[in-house]
1. Out of segment 115-173, which residues are over 15 Å from Gly63 (Cα atoms), touching a residue at least 60 places away in the same chain (Cβ under 8 Å) and either touching a Lys or Arg at 6+ places or on another chain (Cβ under 7 Å) or not assigned by TED's automatic domain parsing to the domain that holds Lys96 (or both)?
2. Kindly evaluate Tyr48 against the criterion of being modelled with pLDDT of 95 or more, surrounded by fewer than 20 Cβ atoms within 10 Å (Cβ to Cβ) and assigned by TED's automatic domain parsing to the domain that holds Lys160.
3. Output the number of residues of segment 49-70 satisfying the condition of being part of a loop (DSSP other than H, G, I, E, B), within 12 Å of Ala151 (Cα to Cα) and not polar (S, T, N, Q).
4. Answer yes or no as to whether Ala97 is surrounded by fewer than 17 Cβ atoms within 10 Å (Cβ to Cβ), modelled with pLDDT of 95 or more, closer than 20 Å to Leu66 by Cβ and among the aliphatic types (A, V, I, L, M).
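The values are calculated or read from the model by the stated rules, or taken from the named source; none is laboratory data. Quick caveat, the model's predicted, so the values are computed rather than measured. Here the Cβ positions follow ideal geometry from the backbone for every residue, glycine too, while neighbour counts run over all protein chains shown.
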Amino acid sequence: MSEASTINKVLIANINKYAGVPIGSIAKVNGVDVSPAPVEYTEEQTEYSTWLIIGAAHPTRAGQKLTIPNRQVTKLAFYTLRYGGPSGDVTFLIRKASDDSPIASKMWGNANTLPTDLTWVEVAFDEPVTINDEVRILLQFEGGSGSIGVAGSHYLGSVKDNELWTQSLNGGYTDKADQEGCYRYKYYEV
């Protein structure tokens, strides 16, 4: 940002202050929005020690159970890879923990295009999703067979208070308090 631009923003902020425009609200000068861009924050659990195959012969969903406290979630990422030659849709989900109802879902793409080494893979939701609830953030893959699938990386141990590894096989969930999923989500404060 140039010095002139910074000076202009300070001047505009002072003008808005005296004109009664609340701090943080949209400010316009000559019809142009001069409000600062919202800050995108990151919440993550990056520790991992192993991974689990996700697919038809295994849990088809796996991730982290946690509380998202009044945030607008914009992106979701998992530390994952393809194992063997899987094919089929990989989907990132956010679901209410209380009743498994969907909050957000975004298809990443075909499993056969995932890397073969653990890598952060991310989706951006079409619109930010406001969440203030206990949820499951999940990596879903229903294809594959035997030892062919998508990896859900996780840590064998506890890292963050009130968070845990969760996985779904045949519809129900198993929560493991002594393990944690490897994830990252980005958000705006509400």
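1. Hits for segment 115-173 are Ile131, Asp133.
2. Judged against the criteria, Tyr48 is a match.
3. 3
4. When the stated conditions are applied, Ala97 passes them.
Conditions tested, residue by residue: (1) surrounded by 13 or more Cβ atoms within 10 Å (Cβ to Cβ); (2) more than 17 Å from the chain's Cα centre (by Cα); (3) assigned by TED's automatic domain parsing to the domain that holds Val123; (4) at pLDDT below 60.
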| position | (1), (2), (3), (4) |
| --- | --- |
| Val10 | no, yes, no, yes |
| Asn14 | no, yes, no, yes |
| Lys28 | no, yes, no, no |
| Gly55 | yes, yes, yes, no |
| Leu66 | yes, no, yes, no |
